[in-house]
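Nothing in this text is a laboratory measurement; each read-out follows from the coordinates by a stated rule. All values derive from a computational prediction rather than experimental measurement. Please note: Cβ atoms are built from the backbone with ideal geometry, for glycine as well, and neighbour counts cover all protein chains shown.
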Amino acid sequence: MGFLGNLFDKMLDSMDNDPTLKWNVLLKNQGVVDIKGKWASKEIFLNGKPIEKEKIASAIEIDIHKVNISWGGTEREDQMLAFAILFKFMSKEDASEYIDELCEDLVSELPKEDFDIEFGLLHWYNDVSGAFQRGKLSDQYSAADSMDDD
């Protein structure tokens with residue numbers, strides 16, 4: 001792989017462990033994540049990249065063969081998808097805290113077929129956590145919300 005490849009891998013690994021850097025990826029897309037699902041293979045893509053079952057298994061300390069994902073309900077496999085989406089952009093602890101809410105608000109509403117949607121994850125997170133009111137998120141999103149009200 002070479003020196004630069006190894007360096008890039010280490011940078012990506014450190015980014016995976018830093019929730020601030022994870023949020024920065026989401027902020028680049030105005031808080032919106034593109035989610036694509038392929039029903040037959042149960043593949044999920046976030047912003048065009050497949051979810052990494054290895055990282056999910058490692059984070060929750062289970063065998064990779066137990067990382068089964070589905071959508072359209074609120075069962076364990078649906079909750080696994082909710083965790084995978086959240087964990088892509090936040091710490092394991094924060095992701096774990098909001099699994100049930102994301103499963104109910106998004107994952108259970110997805111069709112049991114192929115889909116491709118955009119989801120305002122940052123806005124959703126603000127609504128369920130109250131992060132904006134506590135000053136955790138930039139006020140640039142309040143301007144976008146007020147434009148929606150017009």
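Here the translational diffusion coefficient of segment 41-131 follows from Stokes-Einstein with Rh set to the Kirkwood radius across Cα pairs; for 4 °C and 1.567 mPa s it amounts to 98 µm²/s.
Which order do peptides 58-71, 81-94 fall in by mean Cβ count within 10 Å, highest first?
Answer by packing, highest mean first, reads 81-94, 58-71.
Derived scalar couplings between HN and Hα for segment 34-43 equal 8, 10, 10, x, 10, 4, 4, 9, 6, 8 Hz in order, rounded to whole Hz, by the Karplus curve 6.51 cos²θ - 1.76 cosθ + 1.60 (θ = phi - 60°), x for Gly and Pro.
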